[in-house]
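Written below as structure tokens is the structure these notes are about.
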Amino acid sequence: MLVAGGVVGVFSYLSGIVPLLALGLGVFLLGVMVLFLPESTSFRADRLASLSSFPSIMNDEALIEDLDVTTHGIYIPVTGFGAVPKVYVPMLDSDTGPYPPTRLASSNRLFVVVGMNPRDRGILMNAPGGEILTAIENCLQLDLATLDPDHLAARLEAGLDMLAISKHTSLQVAGDMVTVDVDLVAFLELEEKLRGRAPRVVDQVGTPLASAIAAAVCKCRKKYVRLSGSSLEGSRLRVRLTVLGVELK
């Protein structure tokens, strides 16, 4: 529309045909509007999603703060298209477990006991990024639990790109450590806001996008995954994860 309108407009101007000139200018202006409309719509959708998720995240922040929990959340592996890992936040930190049983992924309980010791207690939370993970699987038409872990980086990048969340995503694995870098084009405002208003959730459970990434790695690798932390430098989000436990069969 831009090209056609411009060509018709220039031709009409040189030929002195006023009605055709008006038509060319109209088509050209419509082309400009169509070009910028998707970006405007995406911005409004991004802002709306950020505002709608903020209250629930603040509730999680208040719960963690009131209980004075300082441990990092463990994502529980699940399988099935659309299934989302739950996050278990232990009251006391332990590198050797016990890990929460996978059946808790479908539980609606808030406080759970995962071992024989009365101290083996924790909070069971919904992953803040559960809806993003579901959207990624819907875009890819793929259950991430069936994906070869070597292909996760490419699929994750494709999914986030289709959702207009990032323009580039990279994943590096070093032993049991997984680092994911995401160049954001959306959710940047929410990421910045949460770092000031909900620092415990950001560090221990994850922002919606960091949580979605942790859940994707957990689901694809079929292993427990602990969020070790995340950082935001400019528009680049870096998520650090530790893979734990035995592979889910």
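Just one of (1) -0.58, -0.95; (2) -0.44, -0.86; (3) -0.45, -0.78 is log10 I(q)/I(0) by the Debye sum over Cα atoms at q = 0.09, 0.13 Å⁻¹ calculated from these coordinates, so which is it?
(3)
For the residues Tyr224, Tyr13, what sequence is obtained by ranking on other C-beta atoms within 10 Å, fewest first?
The order, fewest Cβ neighbours first, is Tyr13, Tyr224.
Anyone know which of Ser228, Ser12, Ser166 comes out most mobile in the 10 Å Cα GNM of the chain?
Ser12
Report the relative contact order of the chain, percent, no decimals, based on alpha-carbon pairs under 8 angstrom and at least 6 residues apart.
19
Grab the beta carbon distance between Phe54 and Asp148, set R0 = 41 Å, and tell me the FRET efficiency rounded to 0.05.
Calculated transfer efficiency: 0.70.
Top mean-square fluctuation among Met116, Met58, Met177, Gaussian network model of the chain, C-alpha springs under 10 Å?
Judging by the Gaussian network model, the answer is Met116.
Assuming R0 = 51 Å, what is the FRET efficiency of Arg236 and Leu20, from their Cβ-Cβ distance, to the nearest 0.05? Mind dumping the intermediate values first?
On the way: r = 49 Å, r/R0 = 0.97.
Efficiency, from the Cβ-Cβ distance: 0.55.
How large is the helix-only mean residue ellipticity at 222 nm for the chain, computed as the sum of -39500 (n - 2.57) over DSSP H runs with n ≥ 4, divided by its residue count, in deg cm²/dmol to the nearest 500?
Mean residue ellipticity, 222 nm, calculated: -15500 deg cm²/dmol.
Among Phe111, Phe11, what is the fewest-to-most ranking by other Cβ atoms within 10 Å?
With the sparsest Cβ surroundings first, the list reads Phe111, Phe11.
Could you check the spin-label model distance between Leu67 and Asp161? Points 7 Å from the Cα along Cα→Cβ, value in nm.
Here the modelled spin labels are 4.0 nm apart.
Considering the chain as a Gaussian network with a 10 Å cut-off on Cα pairs, which listed residue, Leu29, Leu147, Leu190, attains the greatest mean-square fluctuation?
Greatest mean-square fluctuation among the candidates belongs to Leu29.
In whole Å, how far is the Cα centre of segment 50-80 from that of segment 110-169?
14
Taking a label point 7 Å from the Cα of Leu30 along the Cα→Cβ vector, which residues of segment 1-19 have an amide N closer than 19 Å to it?
Counting backbone N atoms under 19 Å from the label point, the list is 1-13, 18-19.
Neighbouring Cβ atoms within 10 Å as the yardstick, rank Ile123, Ile17, Ile213, Ile136 fewest first.
Listing Ile123, Ile17, Ile213, Ile136 from fewest to most nearby Cβ atoms yields Ile17, Ile123, Ile136, Ile213.
Every number in this text was worked out from the coordinates using simple rules, so none of it is lab data. On a predicted model such as this, the values are computed, not experimentally measured, just so you know. Here Cβ is always computed from backbone atoms with ideal geometry, including for glycine, and neighbour counts include all displayed protein chains.
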